[in-house]
């Protein structure tokens, strides 16, 4: 009986640690103190810069790049990093596995549906004290999302969508701690105004984007815009394969 109770306790503590960080991590922060974005960037400067700089230069791209595109595919759980110099010819720099992304294919519609959004987004800001190690907030819902939410009477389309660390997700892209450190540093150095985020249900170079059968009519238009932006960024992709 004791062994069973110990096992249950261990499982419970693991679940709290993994999925309940939003409950206990703010308490930890109160004792340890909050970090600033500048402090985190300084801390990451040595190791992350030494890892990323040679990688970018090997592709013929300055570091930090002039422009940056993060392209996520929900079905394959992959995030691609594309970058360009002043000539705006993007090149594929690297690929990262998405550790967790809740929901199914199709756009996010309402608060609590646990869907990862699909569309064209920007980074709004950085959180160096995230419950998920580090995080970058997306501008979901953007103007397109709000336009259709208002038309359909969806007063709560959701909010607080992040690219973050750890390996648990409720509508966000969880990248794991080592990768979010690289992305956090990279986006900060490039500048959020020079960074775009494309979240697609699938890789348009491999599969056609088909709106799920129960989707609103506007999803087809959204997918057309995703494909257009994807092709704009990745038009150099054939030479890279």
Test for residue 160: is it surrounded by fewer than 18 Cβ atoms within 10 Å (Cβ to Cβ) and over 16 Å from the mean Cα position of the chain (by Cα)
no
If I filter segment 170-190 down to residues being in a loop (DSSP other than H, G, I, E, B) and out of contact with any helix residue (DSSP H, G or I) (no Cβ under 8 Å at 6 or more places or on another chain), which single residue comes out as nearest to residue 108 (Cα to Cα)?
171
Only listed residue being over 20 Å from residue 137 (Cα atoms) and out of contact with any strand residue (DSSP E or B) (no Cβ under 8 Å at 6 or more places or on another chain), chosen from 58, 84, 102:
58
Contacts under 7 angstrom Cβ, first residue in segment 61-75 being assigned by TED's automatic domain parsing to the domain that holds residue 116 and closer than 10 Å to residue 190 by Cβ, partner assigned to a loop (DSSP other than H, G, I, E, B) and at pLDDT below 95, 6 or more apart:
66/86; 67/88
Within segment 50-59, track down each residue that is over 11 Å from residue 94 (Cβ atoms) and modelled with pLDDT of 95 or more.
53, 54, 57
Give the residues of segment 136-168 that are closer than 16 Å to residue 106 by Cβ and not in a helix (DSSP H, G or I), sorted by residue number.
140, 141, 152, 154, 157, 158, 161
Output yes when any residue across segment 124-132 is buried (at least 17 other Cβ atoms within 10 Å of the Cβ), on the phi > 0 side of the Ramachandran plot and in contact (Cβ under 8 Å) with a residue 60 or more places away in the chain, and no when none is.
no
Out of 193, 167, 205, which single residue is surrounded by fewer than 16 Cβ atoms within 10 Å (Cβ to Cβ) and in contact with a helix residue (DSSP H, G or I) (Cβ under 7 Å, 6 or more places away or on another chain)?
205
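The values are calculated or read from the model by the stated rules, or taken from the named source; none is laboratory data. Note that the coordinates shown come from a computational prediction; the quantities given were computed from them, not determined experimentally. Cβ coordinates were reconstructed from backbone atoms using ideal geometry, including for glycine residues, and neighbour counts include every protein chain displayed.
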